[in-house]
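Report on one structure; see the data block that follows.
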Amino acid sequence: MVKIGKNNNLKVVKTVDFGVYLDGGEYGEILMPQKYVPENISEGDEVDVFVYFDSEDRIVATTERPLIEVGEFGLLTAVSTTKFGAFMDWGLLKDLLVPFREQYKPIRVGDRYIVYAYFDNESKRIVGSTKLNKFLGNKIPKYEIGESVELLVADKTDLGVKVIVDNMFWGMIFNNDLFDPVRYGDRMQGFVKNVRDDGKIDVTIRSKGGDRVFSLVDRITGYLKDNGGRMYLT
């Protein structure tokens with residue numbers, strides 16, 4: 001089953017001058033334009049593609065990878081605003097729309113925001129939202145103490161850093177568990193310290209063995225200038 005807004009492994013069913021058509025199951029044949037077609041591909045081959053909508057709302061496939069998929073949060077830059085909302089650069093030819101109704105605060109061009117991507121059943125499009133609370137804490141967290149999790153830095157407070165845990169829950173790294181500078185939008189690995197009764201999670205970036213876990217990219221990012229990016233949180 002093809003998942004819109006996700007990576008899919010699809011089979012080539014037909015080649016044409018302007019690209020290839022992929023088996024989209026219930027969605028029929030899905031075009032992958034020629035500029036994205038890998039060399040020496042032929043009918044029957046399978047290819048890993050991202051499936052989304054082009055500027056004319058047609059389902060298309062690309063070998064490019066967006067910064068976030070449907071169901072994920074990430075730091076995106078606003079590139080334009082229109083009467084429909086703000087458009088964010090998410091790494092694809094067509095920018096991601098954040099409608100006005102999904103903006104926690106008015107989005108300004110050039111600023112960076114944590115955005116959640118989802119499929120809007122009403123408009124039948126992939127859109128973004130900065131109203132983060134709508135998409136977090138809607139499940140009961142079931143973690144073991146010490147379990148590894150993926151973190152996204154979403155805000156700073158007097159107590160520490162608020163993080164998004166595994167794209168599903170709010171978490172907190174308290175100041176006494178911070179060992180490196182972090183910035184809005186940094187991604188890192190963490191470990192569960194405690195799951196609170198309200199569903200929020202206390203995490204640390206130190207493993208049980210005492211090792212700090214922080215990727216090289218995030219270390220570099222942590223020392224770079226923030227470019228004036230503003231932090232907005234629901």
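The values are calculated or read from the model by the stated rules, or taken from the named source; none is laboratory data. It should be emphasised that the depicted structure is a prediction, and the values quoted were computed from it without experimental measurement. A quick note on method: Cβ atoms are made from the backbone with ideal geometry, for glycine too, and the neighbour counts reach across all protein chains shown. Heads up: the accessible areas ignore ligands, DNA and RNA and are worked out on the full protein's heavy atoms, side chains in. Shrake-Rupley method; radii C 1.70, N 1.55, O 1.52, S 1.80 Å.
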key: the stretch 78-95, residues that are crowded, with 18+ Cβ neighbours inside 10 Å and either among the acidic types (D, E) or under 20 Å from V153 (Cα atoms) (or both)   = A78, M88, W90, D95
ask   = In the stretch 131-161, which residues are touching an Asp or Glu at 6+ places or on another chain (Cβ under 7 Å), open to solvent by less than 50 Å² (accessible area, probe 1.4 Å) and closer than 28 Å to D95 by Cβ?
value = V153
ask   = For the stretch 101-118, does any single residue satisfy the condition of being basic (K, R), in a strand (DSSP E or B) and within 22 Å of I164 (Cα to Cα)?
value = yes
task = Go through the stretch 41-56 residue by residue and tally those that are within 25 Å of W90 (Cα to Cα), in a loop (DSSP other than H, G, I, E, B) and open to solvent by 70 Å² or more (accessible area, probe 1.4 Å).
result = 2
request  = Please state which of the following conditions V98 fails to meet, knowing it meets all the rest: (1) more than 20 Å from V163 (Cα to Cα); (2) open to solvent by 30 Å² or more (accessible area, probe 1.4 Å); (3) modelled with pLDDT of 95 or more; (4) more than 12 Å from the chain's Cα centre (by Cα).
outcome  = (2)
inquiry  = Given the condition in contact (Cβ under 8 Å) with a residue 60 or more places away in the chain, open to solvent by 40 Å² or more (accessible area, probe 1.4 Å) and assigned to a loop (DSSP other than H, G, I, E, B), answer yes or no: does some residue in the stretch 3-14 qualify?
reply    = yes
task = Could you check the stretch 130-209 for strands (runs of 3 or more DSSP E) lying wholly inside it with 2 or more residues that are within 18 Å of Y113 (Cβ to Cβ) and out of contact with any Phe, Trp or Tyr (no Cβ under 6 Å at 6 or more places or on another chain)?
result = 148-156, 160-165
query = Would it be correct to say that D23 is open to solvent by 50 Å² or more (accessible area, probe 1.4 Å), over 23 Å from L152 (Cβ atoms), in contact with a strand residue (DSSP E or B) (Cβ under 7 Å, 6 or more places away or on another chain) and touching a residue at least 40 places away in the same chain (Cβ under 8 Å)?
reply = no
key: the stretch 176-234, residues that are open to solvent by 90 Å² or more (accessible area, probe 1.4 Å), among the aromatic types (F, W, Y) and either under 23 Å from T130 (Cβ atoms) or modelled with pLDDT of 50 or more (or both)   = none
From the options V70, V60, residue that is within 12 Å of I4 (Cβ to Cβ), part of a loop (DSSP other than H, G, I, E, B), in contact (Cβ under 8 Å) with a residue 24 or more places away in the chain and out of contact with any Cys (no Cβ under 6 Å at 6 or more places or on another chain) = V70
request  = Read through the list (1) under 30 Å from F18 (Cβ atoms); (2) under 15 Å from the mean Cα position of the chain (by Cα); (3) crowded, with 17+ Cβ neighbours inside 10 Å, then give the number of the only condition that R65 fails.
outcome  = (3)
